[in-house]
């Protein structure tokens, strides 16, 4: 008989490591435990599909429960040389930092958040819908409870509840709106098959991708419209590139955790408002769960990236650059940054990847715009990062200035910063000059002062009206007045920065800094919180706030920083407020050097990126 020829246990007992009775046609142990016996024959699973271009699809990253032998986990390998043009030591150092961050930093924060969840709940989750212990590694717990009737059938299976206070804080429109945007992305809230690209994603991953498209992408451009935001084009690429999928999920989850945090006014006079909000977030069930999801996805992304860097080719370097670029954005959004210099490691990685890009290798129009936007943001982050951080960031990116400045010109219509590329180039030259000839070196003071004066004159002579007239000739540009105010504020802030980065210039020509400060505050005052460019005012606001001595201006700068946070919940805002408080304390107490508050901040260990 057939039963006599059964020599192996059924698939259920083998996975559960139980002794099977080898009954035919089904195992009695499976029947006793009310499980559907998978039998003794072959188990059919979905193989990698074929895309429309008849190319094999890579293994997907799914949130389904897998056996320990079948888990699709990122390999953690030592990074070798990226190519002849890449410094091997730099790549290995970046990989080592990534390994430490992935295996130590994020893991400690995840464990801490899990412990707080268990302590607050009084024990581990025991609801029927909660994932069991073996599933927690591969399935992110859902922090959402959507009361809308259309979504109730899907929420029932998620098993996680959103606390009542968050439901009171967030309107149903804010929570349901991302699901309404899923249709255009080929995603479905109920998990039905709309686009095979996303059929294997778990519900949380689909939600976070929807939140990325609906909310995060709005923060990345000046004006967001359904068809003019190129960052949404990254979502279809996640099916081919698991590292990109995980970093987008991580960025979206950390953004969700900040946006749907417990509401309430920040008590005045707090020395660390960012830490205060991080503590409130850690005590909130839904926000904390989203934070756990973000850190888990980031840890996976770092593992995948280390594997990708082991065999990087020019064809895939553009996607890797985009992923590393979003690692920087993750650090900017995160409230509780244990390693304030992690963004510098990621920026160093982007400068290495830039050497592998093939110039003008993309012919498709929409893909070209996406590439240009990623390159422009990387260039802007390098330039603004060089103003407040120590190190050779300006020299690393200066070699690409000739190629990247035209890129910024191509995308400046919808760039979030709305700073003319010519002013960004002036900042880069000043940062490079400050790094190569520090203020303590008096041997070349006369030459440095002349070059600094030339940079200030170039900034003051920049024709903003002519720049605005050129923008008027482009289609869909109707906010010229706001752009003029933002550009004017940046022009005066550039002059103030040069005076701080190269203080030797003051001995050659006296410059009234209060006139520049008043000009910045005057132009920023014309941009209210309903203007889409309101979020692009943090860097000139910080420069003017650190320079002013008037209490009214200081209070206005601090309140405006908090207003930017309410509109664009990125954690770097609180690092900026912390530096402002430190600067004001030095100025009022006379503890600083009296030469340059920028140098004093760097000596205190502040290495921050304000965008």
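The values are calculated or read from the model by the stated rules, or taken from the named source; none is laboratory data. Keep in mind it's a predicted model, so treat the numbers as computed, not measured. Cβ sites come from the backbone with ideal geometry, for glycine too, and all protein chains shown count toward neighbours.
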Handout entry: Scan of the range 549-572 for residues that are touching a helix residue (DSSP H, G or I) at 6+ places or on another chain (Cβ under 7 Å) and touching a residue at least 40 places away in the same chain (Cβ under 8 Å), ordered by number
Key = 568, 569, 570, 571, 572
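Give the residue, chosen from 303, 264, 269, that is in contact with a helix residue (DSSP H, G or I) (Cβ under 8 Å, 6 or more places away or on another chain), free of Cβ contacts under 8 Å to residues at least 40 places away in the same chain and either at negative phi or not in a helix (DSSP H, G or I) (or both).
Sole residue among the options that is in contact with a helix residue (DSSP H, G or I) (Cβ under 8 Å, 6 or more places away or on another chain), free of Cβ contacts under 8 Å to residues at least 40 places away in the same chain and either at negative phi or not in a helix (DSSP H, G or I) (or both): 264.
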Practice task
Using the structure shown, decide if residue 540 is assigned by TED's automatic domain parsing to the domain that holds residue 519, closer than 30 Å to residue 217 by Cβ, out of contact with any strand residue (DSSP E or B) (no Cβ under 9 Å at 6 or more places or on another chain) and not in a helix (DSSP H, G or I).
Solution key: no
Exercise for the section: Please go through the range 550-572 and pick out each residue that is closer than 15 Å to residue 539 by Cβ and not in a helix (DSSP H, G or I). Expected result: 568, 570
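A quick yes/no check of all residues on (1) in contact (Cβ under 8 Å) with a residue 60 or more places away in the chain; (2) crowded, with 22+ Cβ neighbours inside 10 Å; (3) assigned by TED's automatic domain parsing to the domain that holds residue 498:
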{"position": "388", "(1), (2), (3)": "yes, yes, no"}
{"position": "394", "(1), (2), (3)": "no, yes, no"}
{"position": "399", "(1), (2), (3)": "no, no, no"}
{"position": "403", "(1), (2), (3)": "no, no, no"}
{"position": "418", "(1), (2), (3)": "yes, yes, yes"}
{"position": "430", "(1), (2), (3)": "yes, yes, yes"}
{"position": "461", "(1), (2), (3)": "no, no, yes"}
Practice task
Output the residues belonging to the range 222-247 that are out of contact with any helix residue (DSSP H, G or I) (no Cβ under 7 Å at 6 or more places or on another chain) and in contact (Cβ under 8 Å) with a residue 60 or more places away in the chain.
Solution key: 228, 240, 245
Exercise for the section: Starting from the range 580-607, take each residue that is farther than 16 Å from residue 543 by Cα and list its partners that are at pLDDT 85 or above, counting only C-beta distances under 7 angstrom and pairs at least six apart or across chains. Expected result: 592/586; 592/600; 593/599; 593/600; 604/582
Problem - Of the criteria (1) assigned to a helix (DSSP H, G or I); (2) out of contact with any strand residue (DSSP E or B) (no Cβ under 9 Å at 6 or more places or on another chain), which one residue 231 fails - result: (2)
Exercise for the section: Filter the range 339-368 down to residues that are modelled with pLDDT of 80 or more and within 19 Å of residue 400 (Cβ to Cβ), then give me how many there are. Expected result: 13
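Considering only residues that are part of a helix (DSSP H, G or I) and farther than 15 Å from residue 271 by Cα, which ones fall in the range 573-597?
So in the range 573-597, the residues part of a helix (DSSP H, G or I) come out as 573-589, 597.
If the condition is that a residue be part of a helix (DSSP H, G or I) and farther than 15 Å from residue 271 by Cα, then 587, 588, 589, 597 are the ones that fit.
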Completion exercise
Going through the range 496-513 in order, the residues found to be more than 20 Å from residue 600 (Cα to Cα) and either in contact (Cβ under 8 Å) with a residue 40 or more places away in the chain or in a helix (DSSP H, G or I) (or both) are 508, 509, 511
